[in-house]
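Down below is the structure, laid out as structure tokens.
Bear in mind that the values in this text are calculations on the coordinates, not laboratory data. Model, not experiment: these values are computed from the prediction. Note that each Cβ is placed from the backbone with ideal geometry, even for glycine, and that neighbours are counted across all protein chains shown.
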Amino acid sequence: MQIANQSAVKNLMLCDMKNLFEPCQAGQLQLASRIVMAPLTRNRAPNALANALMAEYYAQRANPATGAGLIITEATAISHQGQGYADVPGIWSAEQVKAWQSVTDAVHAKGGKIVVQLWHVGRISHTSLQPNGLAPVAPSAIVAKSKTVLIENGLPCFVPTSEPRALDLSEMPGIVYDYRRAAKNAIDAGFDGIEVHAANGYLIDQFLRADSNHRTDAYGGSIENRTRLLKEVMLAVCQEIGGGRCGIRISPVTPANDASDATPQTLFEHVVSFLGTLGLAYVHTIEGATGAARDFQQGATPFDYTALKKAYQQSGGHGAWMLNNGYDRALADHSLAEGADLIAFGKSFIANPDLATRLKQNGPYNTPDRSSFYGGTAVGYTDYPSL
Ligand code: 8OZ
């Protein structure tokens, strides 16, 4: 009798257990699996325009049976001022909207889903990429200890970021407007939704963190003030296209692009408590240092991601909880069992267009070639073989 009961309990647990290959509803996004292709900068969009090669690359990864249940595009600039790297795409003009349409059509033809990641780099830019060669903008005129990518003679070349100027208070509504316009453009271009890039030390993250935000106006000082831009941007995109088509990416403790803050737990619990009120499709969190140590720490104590999720849910958040950073099959299974809903795979999607097939049978996996990550041709982009 006791044995029968034990097996009943085990069966119940198995039924309850999430698996990577099952459907998942994320707000209005009906996803065929929990496998997400993470946003990946590839610098193959000259003139800030999506193109046929990019459409082929995304389409290769779009069939949810073999690839991603959801594709998040590479970070895409919401304005010329939001550009910080050579040959990254934009989504502020009608010409860019039309160019993206070929990508969304190709993905949808494979039965896939795709959202565009909306990006303003803030101070992570170079004068040569800015309108009229002017200084990049930031919360404060503090140079980031970071580099950006220019392309010279067809080859990526890493250069220090330029000295930024502090945004005037009167410019803030214009920045929010640029996000709103980009969200509208995304729907016009056929995207299933958008993800606001609030991670990795770019503009929104620069406002969030005390070390890059020394403002004394309504956008600086208290946590309430430093989170103001994020809140205004999220309200604007949700109002424009509906919260159920919007996601956001955060990276509470990453040191990427000189991001630093002494109290990330308090800061990001405040952020997600706000996000919980918006009816979002998902919240996408990078655990640890982006593309590096998952246990990386900022502040006095290890970051508590369980408390982060709890703060989101306690404020009413019921969007999908997406996690990222260095995931393999075993770690994905572990995080799903612990309550994650979606897992975003980055570098492994660069090298494995049929990643879902390979995850299902536990490999083998192609090895990503770092030398062709940023810029270049079809080599190291659309030529990774499927099984
Ligand atoms: C790598 C190279 C350039 C940009 C990010 C958009 O870190 C990026 C990025 C990554 O989020």
Quiz item: Is the shape of the stretch 33-372 best called rounded, prolate or oblate, per the rule: a/c under 1.5 gives rounded, else a/b larger than b/c gives prolate, else oblate, with a ≥ b ≥ c the square roots of the Cα gyration tensor eigenvalues?
Solution: rounded
Quiz prompt | Mean ellipticity per residue at 222 nm, deg cm²/dmol - from DSSP H runs of n ≥ 4 across the chain, formula -39500 (n - 2.57) | solution = -9500 deg cm²/dmol
Practice problem: For the stretch 243-297 and the stretch 50-74, compute the distance between their C-alpha centroids and round to whole Å. | Solution: 25
Exercise. Return LEU49, LEU275, LEU203 ranked ascending by Cβ neighbour count within 10 Å, so the fewest neighbours appear first.
Key: LEU49, LEU275, LEU203
Quiz prompt | Potential lengthening between LYS98 and GLU152 on full extension [0.36 nm per residue; Cα-Cα distance subtracted] | solution = 16.7 nm
Quiz item: In vacuo Debye scattering of the stretch 282-345, one point per C-alpha: log10 I(q)/I(0) at q = 0.19, 0.22, 0.27 Å⁻¹?
Solution: -0.75, -0.98, -1.29
Quiz prompt | ASP188-ALA293 FRET efficiency (beta carbon distance; Förster radius 35 Å; 0.05 resolution) | solution = 0.30
Quiz item: Measuring from label point to label point, each 7 Å out along Cα→Cβ, what is the HIS80 to THR377 span in nm?
Solution: 3.1
Practice problem: Starting from the Cα of LYS98, draw a straight line to each of the aspartates and glutamates and keep only those under 13 Å, dropping any in the same chain fewer than 8 residues away. | Solution: ASP188
Self-check item: Within the stretch 91-133: backbone nitrogen closer than 20 Å to the ASP217 label point (7 Å, Cα to C-beta)
Solution: 120-124
Quiz item: Where in the chain are the helices, taken as whole DSSP H runs, whose Cα atoms extend 15 angstrom or more along the long axis and whose Kyte-Doolittle mean reaches at least 0.0?
Solution: 2-16, 228-241, 264-275
Self-check item: Cα-based convex hull, the stretch 97-141, per residue volume (Å³, whole number)
Solution: 102
Quiz prompt | Which of ASP211, ASP341 has the fewest Cβ neighbours within 10 Å, and the rest in rising order | solution = ASP211, ASP341
Quiz prompt | For the stretch 53-175, alpha-carbon Rg relative to the globular expectation (2.2 N^0.38 Å, N residues) | solution = 1.21
Practice problem: Considering the options GLY112, PRO160, ALA320, tell which one lies farthest towards the positive end of the dipole of the stretch 33-372, charges being +1 on Lys and Arg and -1 on Asp and Glu at the Cβ, about the Cα centre. | Solution: GLY112
Quiz prompt | Principal axis box of the stretch 280-387, alpha-carbon based, largest edge first, Å | solution = 46, 30, 25
Practice problem: Quick one: dipole size for the stretch 33-372, taken about the Cα centre, charges +1 on Lys/Arg Cβ and -1 on Asp/Glu Cβ, in debye to the nearest 20. | Solution: 380
Quiz item: Along the charge dipole of the chain, Cβ charges K/R +1 and D/E -1, which of SER125, THR301, ALA138 sits furthest on the positive end?
Solution: THR301
Practice problem: At q = 0.11, 0.12, 0.16, 0.18 Å⁻¹, work out log10 I(q)/I(0) for the stretch 164-296 with the Debye formula, treating every Cα as an identical point scatterer and leaving solvent out; two decimals please. | Solution: -0.38, -0.45, -0.81, -1.01
Quiz item: To the nearest 20 debye, what charge dipole does the stretch 238-297 have about its Cα centre, counting +1 at the Cβ of each Lys and Arg and -1 at the Cβ of each Asp and Glu?
Solution: 200
Practice problem: Considering the options VAL253, TYR177, GLY279, tell which one lies farthest towards the positive end of the dipole of the chain, charges being +1 on Lys and Arg and -1 on Asp and Glu at the Cβ, about the Cα centre. | Solution: GLY279
Exercise. For each pair in LYS18/LYS145; LYS110/LYS347; LYS147/LYS360; LYS231/LYS360; LYS113/LYS145, compute the distance between the two Cα atoms and list the pairs where it is over 31 Å.
Key: LYS18/LYS145; LYS147/LYS360; LYS231/LYS360; LYS113/LYS145
Self-check item: Cα-based convex hull volume of the stretch 62-107 per residue, rounded to whole Å³
Solution: 81
Quiz item: Which semi-axes, in whole Å and largest first, does the equivalent ellipsoid of the stretch 131-195 have when worked out from the alpha carbon gyration tensor as the square roots of 5 times its eigenvalues?
Solution: 26, 21, 10
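Quick check on the chain: of the DSSP beta bridges with both residues there, what percent are antiparallel, nearest 5%?
20
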Quiz prompt | FRET E, pair LYS145, ALA300, Förster distance 25 Å, beta-carbon r, rounded to 0.05 | solution = 0.65
Self-check item: Residues THR277 and HIS334, FRET efficiency given R0 of 41 Å [Cβ-Cβ distance, rounded to 0.05]
Solution: 0.85
